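K.L.:
One structure, pasted below without further comment.
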């Protein structure tokens with residue numbers, strides 16, 4: 001970009017310099033020998049690209065506006081052009097203002113998504129299964145990969161508890177799209193077990209964790225107590241004759257993670273460590289932001305029907321997100337993975353909140 005950097009805000013100057021530095025690093029073949037690092041740098045570079053594009057377009061528009069104003073007294077056509085350029089500069093300035101808002105430190109991360117059945121018994125477990133399918137279909141639509149890393153089946157179908165790792169491909173990241181999915185999701189419908197045709201309300205909880213890399217969280221093996229046990233199926237029925245299931249207790253924090261989805265004890269141990277690292281990262285971030293208003297605090301700790309973030313009403317084919325007043329009558333499409341409209345509404349509301357706080 002040409003022109004003096006003295007005229008741009010300090011934050012913008014720093015981000016433009018970071019983008020240029022990343023471009024240089026990514027051009028170095030040695031960087032790509034470490035795929036994890038290259039992926040992390042690539043995502044950060046891609047996340048800065050829209051801001052850089054806006055800043056360049058704004059600088060160009062301001063230059064053209066200055067020229068048009070100079071020539072307007074001599075040629076009326078330049079006066080009209082100056083008016084259009086003024087509008088263009090205003091639009092680009094507002095866009096740049098939004099792009100310069102503080103970013104979530106986890107916006108370059110993939111996620112581990114946990115879904116837990118709550119109030120409602122068997123119906124809640126079935127709904128947890130519906131939510132899992134919704135997120136799997138959404139991941140498929142986005143071209144992401146989704147891997148169920150632990151699941152506890154329910155007797156009549158669905159899940160008591162299920163964890164899935166969702167990863168983007170290329171420079172995209174998952175966290176910016178799924179970070180507001182955490183909380184209690186409520187369903188209103190006639191359960192398959194209901195003989196009188198009455199509508200029941202039940203709930204399932206969703207927790208979204210940014211997946212931590214080993215460089216993000218250091219786990220001391222001496223801080224872990226690892227127990228092994230026999231995997232069990234619905235109703236406690238044994239499905240494995242070996243002690244392949246793993247329970248890891250992080251002694252300093254008291255966090256306990258169990259995994260029994262894989263047949264191998266080693267695989268279950270690795271899956272449990274992935275979830276543990278993600279939970280420790282969130283715990284550390286929450287502690288650091290104890291006095292701040294952090295969006296992860298909206299992810300309720302209990303699965304109570306009264307503390308809901310979203311309602312899925314089957315009789316009316318309606319989805320309602322209570323945090324932003326979003327409502328649509330396309331529940332069937334949403335459950336088939338068409339989540340972008342409600343996610344866009346949540347992200348727009350967050351942007352408006354940040355703009356209002358900074359004004």
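Derivation of every value follows stated rules applied to the coordinates shown; laboratory data play no part. This one's a predicted model, so the numbers in the text were calculated from it and none came from an experiment. Positions of Cβ are backbone-derived with ideal geometry, glycine not excepted, and every protein chain shown enters the neighbour counts.
K.L.:
How high is the FRET efficiency between residue 249 and residue 25 when r is their beta carbon distance and R₀ equals 25 Å, given to the nearest 0.05?
P.N.:
Values: r = 40 Å, r/R0 = 1.58.
So, using R0 = 25 Å, E works out to roughly 0.05.
K.L.:
Could you estimate the translational diffusion coefficient of the range 5-99 from the Stokes-Einstein equation, with Rh from the Kirkwood formula over C-alpha pairs, at 25 °C and 0.890 mPa s, in whole µm²/s?
P.N.:
For these conditions, the coefficient is 160 µm²/s.
K.L.:
Now for a different question. Compute the whole-percent fraction of alpha carbon pairs in the range 66-191 spaced more than 18 Å apart.
P.N.:
That tail contains 67 percent of the Cα-Cα pairs.
K.L.:
Using Cβ counts within 10 Å as a stand-in for footprinting exposure, how do 218, 351 rank, fewest first? Write out the running numbers ahead of the final one.
P.N.:
Numbers: 218 9, 351 13.
Result, fewest neighbours first: 218, 351.
K.L.:
What relative contact order, as a whole-number percentage, does the chain give when Cα pairs under 8 Å and 6 or more residues apart are counted?
P.N.:
Answer for the chain is 15 percent.
K.L.:
Sticking with this one: What is the gain in length, in nm to one decimal, between residue 329 and residue 14 on full extension, counting 0.36 nm per residue of separation less the C-alpha to C-alpha distance?
P.N.:
109.0 nm
K.L.:
Given points 7 Å out from each Cα along the Cα-Cβ axis, report the residue 84 to residue 266 separation in nanometres with one decimal.
P.N.:
The modelled label-to-label distance comes out at 6.6 nm.
K.L.:
Follow-up. How much length is gained if the chain between residue 57 and residue 101 is pulled fully straight, taking 0.36 nm per residue apart and subtracting their Cα-Cα distance, in nm to one decimal?
P.N.:
In short, 14.0 nm is gained.
K.L.:
Further, regarding this structure: For the chain, what is the mean residue ellipticity at 222 nm derived from helices alone (per DSSP H run of n ≥ 4: -39500 (n - 2.57); sum divided by total residues; nearest 500 deg cm²/dmol)?
P.N.:
-14500 deg cm²/dmol
K.L.:
Right, something else. Counting C-alpha atoms alone, how compact is the chain: give Rg to one decimal and Dmax as a whole number, in angstrom.
P.N.:
24.7, 90
K.L.:
Pick from 60, 83, 98: which residue has the top mean-square fluctuation in a GNM of the chain where Cα pairs under 10 Å get a spring?
P.N.:
So, out of 60, 83, 98, the one fluctuating most is 83.
K.L.:
Please compute the length gained on full extension between residue 230 and residue 354, using 0.36 nm multiplied by the number of residues separating them and subtracting their Cα-Cα distance.
P.N.:
Difference between extended and current length: 39.8 nm.
K.L.:
Over the range 18-119, calculate the relative contact order: mean separation of alpha carbon pairs under 8 Å at least 6 apart, over the residue count, as a percent.
P.N.:
Here the relative contact order equals 24 percent.
K.L.:
Using only Cα atoms, tell me the angle between helix 265-288 and the longest principal axis of the chain; keep it within 0 to 90° and round to the nearest 10.
P.N.:
50 degrees
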